[in-house]
Each structure stands twice: as structure tokens, then as C-alpha cells.
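What follows is a short report on a single structure.
Read-outs throughout are calculated quantities, based only on the coordinates presented, and are distinct from any laboratory measurement. Given the structure is predicted, the values throughout are model-derived calculations rather than measurements. Here Cβ is always computed from backbone atoms with ideal geometry, including for glycine, and neighbour counts include all displayed protein chains.
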Amino acid sequence: MTTVNTAPSQDHPAALATAAGAEWLASAALSPRAALARWAAFPTAPAVLPCGTVFDVINVPAVFGRRMLNRLWSGGPGSGPVAAHRGRTLLFAAPGTAHRLPALLNWEEWGRAVPPPLCHGAGDAVAVPAPNPRHPADGTGQDRDAGSRWLVAPDVRYPWLPGPEILLWACVRAARGGADPSIFVRPEADAKVVPVGRR
């Protein structure tokens, strides 16, 4: 996926999947051909896809998810596909992330500051928007299911997916809110500061 400085909006071209992105999504289904045929017949229909082999999904409250997404795009490596569904943000992640992220949050002692994510991995399934929910055949230019849409749609056959460490980073920064505190102490006005390289 192409990295930009800010997270795409729902009207951004990144909110519509490409044919390659639809193939990637369908590859998670038990029958990829059937999934693609269903989308060809019903272009705006969401689908339920299994997690754990092609992707995991980290499911967080919508506002917190937008904060995470903004952090990932403004100060991090960007994101993989991201969807909004019924007041939640679904961040698609590398397989195995659903198992490791909660443990990392607890180990880093951020578990209480971060809204508990719902982590969908092996054995779980999630509802995902259609690859192109605003298909021209719709005629309205609007999602039929207003609660389900892509924020960052899959656009390549093998999209980059963040792992647990990157999503931990995004969770912590979203929980902090505002600007990240500097690790450098501002010197007193009359303090003598000697650059480290000159010692």
C-alpha cells in the first residue's frame, strides 16, 4: 500500500478496493471462487470471512480506532486494510497478531489505558464490507449498509499487514492522546549544555 501522511477518509479513493484487493480478501474464504462470484452477483454485499490464515483482525471502538489509524499514517509505517463496521474499527493485521497483542498490552502495562481490543484470529470470522460498497450499479453513491465500509481498502494481492508490535505502538500513542511527550528534558535558561559529541 502507498504510504501517505494522513489516514484516508471514507471518500478517498483508498476506500474502494481493486480487483487484486478483492482477490486477496476472497483468498481467506473456504471457496475463493464462490466469494468472488458472490461479489460479482451482489457487488455491495458484505461477507463473513475466516481469520487466522490470510489475516487477523483487531477490532476496537471507532474513535480509538481512528486515533490508531491517524498515528499509523502520520508517525508510523501506515496501515494494512481497515474497515468500519457498526461503530467499530477493524484493523487487518498479520496472522498471529490476535494472539500476541493482548499479551503485549498487558506486559507493557497499557492494558488499563487502552480500550480492550477484540482480537479475531484462528477459529474466528468477521464481517467485512464488499470490496466496492459504492459500486456504480448502486446508483446512489452511498453504502447500502451504512455501518460497513472501507477506510483503507485492500488494493494489492498481497497487502502489507502490521504485526503485534506495530499495533501495540499505535495503541499506546492513541491512548496517550495529543502530542507524544518528549524524552528530552529542556535545559534551564542559564544551564551550560555541552553536546555529547564534543566531550
> Each label point is 7 Å from the Cα along the Cα-to-Cβ direction; what then is the distance between the points at A125 and S74, in nm?
Replying inline: 3.8 nm
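Could you sort the peptides 90-102, 157-169, 30-42 by per-residue average Cβ neighbour count (10 Å cutoff), highest mean leading? Write out the running numbers ahead of the final one.
On the way: 90-102: 21.8, 157-169: 18.5, 30-42: 13.2.
Ranking, from highest mean packing down: 90-102, 157-169, 30-42.
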> Quick one: length gained pulling W110 to T18 fully straight, 0.36 nm per residue minus the C-alpha distance?
Replying inline: 29.5 nm
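Set the Förster radius R0 to 30 Å, insert the Cβ-Cβ distance between A40 and A62 as r into 1/(1 + (r/R0)^6), and round the FRET efficiency to 0.05. Present the calculation step by step, with values, prior to reporting the outcome.
Numbers: r = 30 Å, r/R0 = 1.00.
E(calc), rounded to 0.05, equals 0.50.
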